[in-house]
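Shown next, in structure tokens, is the structure this report addresses.
All of the numbers you see were taken from the coordinates with simple rules; none came from a lab. Because the structure is a prediction, the values reported are computed rather than measured. So basically every Cβ, Gly included, is an ideal-geometry build from the backbone, and we count neighbours across all protein chains shown.
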Amino acid sequence: MFALESVLSRAYWNGFLKLSFVSCPVALYPATTAAERVSFRQVNRRTGHRLKHQLVDSITGETVETHDKARGYEVGENRFLLVEDRELDQARSERPPPGTVQLAEPPRRAPAPCAVRAADPEEDDEIEEEQGREEDAEEEEQEENAAPLVPRPQNTRTIEIERFVPAGQVDLRYLEKPYYVVPRGAVGQEAFAVIRDAMSREKVDGLGRVVLSSRERPMLLAVMGNGLCGVTLRFAHEVRKQDEYFSLIPEVKLPAEMVKLAQHIIETKSAAFDPAMLEDHYRNALVRILRKKQAKMPAPPAPVAPSRENVINLMDALRRSIAAEPSTKRSAAGSKAVRAKRRSPVRHR
């Protein structure tokens, strides 16, 4: 039957957690998983075979080989600025020393000159997922094959806590991807506990930076149970200002009775948060549909069991091999044995 199996998480990153002169070996484990996600492949409706994508020039219609593929930043219709790998490596390497750059949000910058197209939400999800897989594959390919002229960001494999902020103060809009931060081995247990307990007593979260997938990212560290939760943060320029959207909302004077009724409804629907509230109804419906379809599929052909005739005793095989030898070889071997016996001297006592 159709089943969804969860894959045991393994360490995504191994390194060190450092606070001033205190450091300990730690590992990052993804706190989220896509193993339970129901995903689809594009297939040929007639044959049921999976389809493959092919790179095609949008203007000439010619097929483009992998070695001719490059990155381009769009500046106009069919106008792109080609960006080479060495230039990306150079941008990654421009990292100031820790603590020299304030983490405060810089002033709002003008948006980049790129075209924006409205699209269907489901189509956007598929495109983003496909692009994400392609970008990950490209990054892995670059790391394995490319020989950059300029060194990448200095990857010390260390999360160095640069400063602390009051616990829970970081805006939710900046939170990106969560990880579980766990000490590695018995050596780092004590140092890890010192950092964790001190943060808990001071009721603070740590701000640091870490290099993941050849890209330096800010990370928020918060106490969670016996461990730490590390959440990569979005950069300041990636978060839009709320005033651009909320400033046009007018102030409305509401009747007190209306507000009280709304408060009563809120009270009746209030409860402690439970992850079960986040049930994915769409996924559950898809699983039910797939199970029904799988139940109607013909059973796959059973594997062919090996014949018993193929299982031969080793001694029987050796005896058959001797019996199958030509008689001339056996007679020659026998005559050699007789001559050797005759030549051997006979000792008399």
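Could you calculate the contour length gain from T60 to K260, that is, 0.36 nm times the residue separation minus the distance between their Cα atoms, to one decimal place in nm? Walk me through the intermediate numbers first.
Working: separation 200, 0.36 × 200 = 72.00 nm, distance 6.55 nm.
Full extension from T60 to K260 adds 65.4 nm.
Exposure proxy shown here: for I265, I195, I59, the number of other Cβ atoms within 10 Å sets the order, fewest to most, as I59, I265, I195.
State whether segment 154-217 is rounded, prolate or oblate according to the following rule on the C-alpha gyration tensor (a ≥ b ≥ c being the square roots of its eigenvalues): a/c under 1.5 gives rounded; otherwise a/b larger than b/c gives prolate, and the remaining case gives oblate.
Values: a/c = 1.92, a/b = 1.04, b/c = 1.85.
It comes out oblate by the Cα gyration axes.
Take the Cβ-Cβ distance between Y282 and D316 as r, set R0 to 35 Å, and report the resulting FRET efficiency rounded to the nearest 0.05. After rounding, the FRET efficiency stands at 0.05. Ordering I265, L221, A276 by Cα displacement along the dipole of segment 200-288 toward the positive end leaves L221 in first place; charges were set at the Cβ atoms of Lys, Arg (+1) and Asp, Glu (-1).
What ranking of D205, D316 emerges when the number of other C-beta atoms within 10 Å of each C-beta is taken as an exposure proxy, fewest first? Mind showing how you got there, number by number?
Values: D205 22, D316 9.
If I rank by nearby Cβ atoms, fewest first, I get D316, D205.
One Cα centroid belongs to segment 165-181, the other to segment 185-260; the line between them spans 2 Å.
Residues whose amide H comes within less than 5 Å of that of K177, counting only those at least five positions distant or on another chain, are T232 (H built at 1.01 Å from N in the peptide plane). A Förster radius of 41 Å combined with the Cβ-Cβ distance from V83 to D197 puts the calculated FRET efficiency at roughly 0.35.
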